[in-house]
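Beneath this line is the structure, given in structure tokens, with notes to follow.
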Amino acid sequence: MTAADDLPYRIRRSDRASRVRVSVDASGDVEVVLPRRSPASAAPAAIDELRPWIERRLREASAVRAAVAARGATLPYLGTQLALTPEQGRTRVHRAGERLLVPGNEERAPAAIERWYRRAAAREIAPRLDAAARALGTTYTTLSIRGQRTRWGSCTARGAMSFNWRLLLAPEPVLDYVVWHEACHLRVMDHSPRFWELVRRHCPDFEEHRRWLRLQGSTLVL
């Protein structure tokens, strides 16, 4: 670990890197990736050049950690809060009313919770997508639930639909908006004015939900 003035960062050499890259992860660690033959001086130079962006990302990462910590022993589910209830010997997560029964083993619990959210996402999204497709007079071919880092949903030209399970950590209207957004791509594949007018027709408040995702999307983590 080194530092440029008061900003600590880690340097990693890579044979695959063709240029200098800087990243900031959710824990606030800054990493500079250098091509194998780049001089060491390229790292502090990159930090200095990107300092405003790095500091903004560090503030965002800090806000995310604060938001997650504020949940306490709960997890959001489409606008409600589910109380985490660890149980020794449990291997699968189960919802009981407003409680989420989770494995008592702290090492196994996160993966089990994610699997539960993925299963729940399929149950929540499929009927919404079916209804949206019918309303639009179209069909889709497949539905998959993924954990993309930068996408909330996608629609291919062949009608293959994909949604991020983390949407279940958002308020329900936000999930509904993303479903309508991707369903409208079954009719209009681009983001032209015609597309946004179609979205507005079926989801009049879409701009509010779109803004929520832009501002709060980074907090949708376990």
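The values are calculated or read from the model by the stated rules, or taken from the named source; none is laboratory data. For clarity, every value in this text was computed on a predicted model and none was experimentally measured. When we count neighbours, we look across all protein chains shown, and the Cβ atoms used for this are built from the backbone with ideal geometry, even at glycine. For accessibility, only protein heavy atoms count, side chains too; no ligands or nucleic acids. Shrake-Rupley method; radii C 1.70, N 1.55, O 1.52, S 1.80 Å.
Among the residues of the stretch 209-222, what is the count of those that are without any contact (Cβ under 8 Å) to a residue 24 or more places away in the chain and within 16 Å of residue 172 (Cβ to Cβ)? Count: 0. Taken as a whole, the structure leaves residue 61 outside the set of residues that are out of contact with any His (no Cβ under 7 Å at 6 or more places or on another chain) and modelled with pLDDT of 95 or more. Mind checking which residues of the stretch 154-194 are open to solvent by 60 Å² or more (accessible area, probe 1.4 Å), outside any helix (DSSP H, G or I) and either on the phi > 0 side of the Ramachandran plot or in contact with a helix residue (DSSP H, G or I) (Cβ under 9 Å, 6 or more places away or on another chain) (or both)? Those that are open to solvent by 60 Å² or more (accessible area, probe 1.4 Å), outside any helix (DSSP H, G or I) and either on the phi > 0 side of the Ramachandran plot or in contact with a helix residue (DSSP H, G or I) (Cβ under 9 Å, 6 or more places away or on another chain) (or both): 187, 189. Residues in the stretch 69-83 that are at pLDDT 95 or above and open to solvent by less than 50 Å² (accessible area, probe 1.4 Å): 74, 75, 76, 77, 78, 82, 83. Within the stretch 47-70, is even one residue over 22 Å from the mean Cα position of the chain (by Cα) and free of Cβ contacts under 8 Å to residues at least 12 places away in the same chain? The answer is yes; a qualifying residue exists.
Any residue in the stretch 204-221 that is in contact with a Lys or Arg (Cβ under 9 Å, 6 or more places away or on another chain), outside any helix (DSSP H, G or I), open to solvent by less than 10 Å² (accessible area, probe 1.4 Å) and on the phi < 0 side of the Ramachandran plot? Looking through the stretch 204-221, at least one residue is in contact with a Lys or Arg (Cβ under 9 Å, 6 or more places away or on another chain), outside any helix (DSSP H, G or I), open to solvent by less than 10 Å² (accessible area, probe 1.4 Å) and on the phi < 0 side of the Ramachandran plot. Of all the residues that make up the stretch 127-152, how many are open to solvent by 30 Å² or more (accessible area, probe 1.4 Å) and either aliphatic (A, V, I, L, M) or in contact with a Cys (Cβ under 7 Å, 6 or more places away or on another chain) (or both)? Summing the residues that are open to solvent by 30 Å² or more (accessible area, probe 1.4 Å) and either aliphatic (A, V, I, L, M) or in contact with a Cys (Cβ under 7 Å, 6 or more places away or on another chain) (or both) in the stretch 127-152 gives 4.
Counting only strands (runs of 3 or more DSSP E) that fall entirely inside the stretch 29-97 and contain at least 1 residues that are farther than 28 Å from residue 173 by Cβ, the qualifying elements are 30-35, 80-87.
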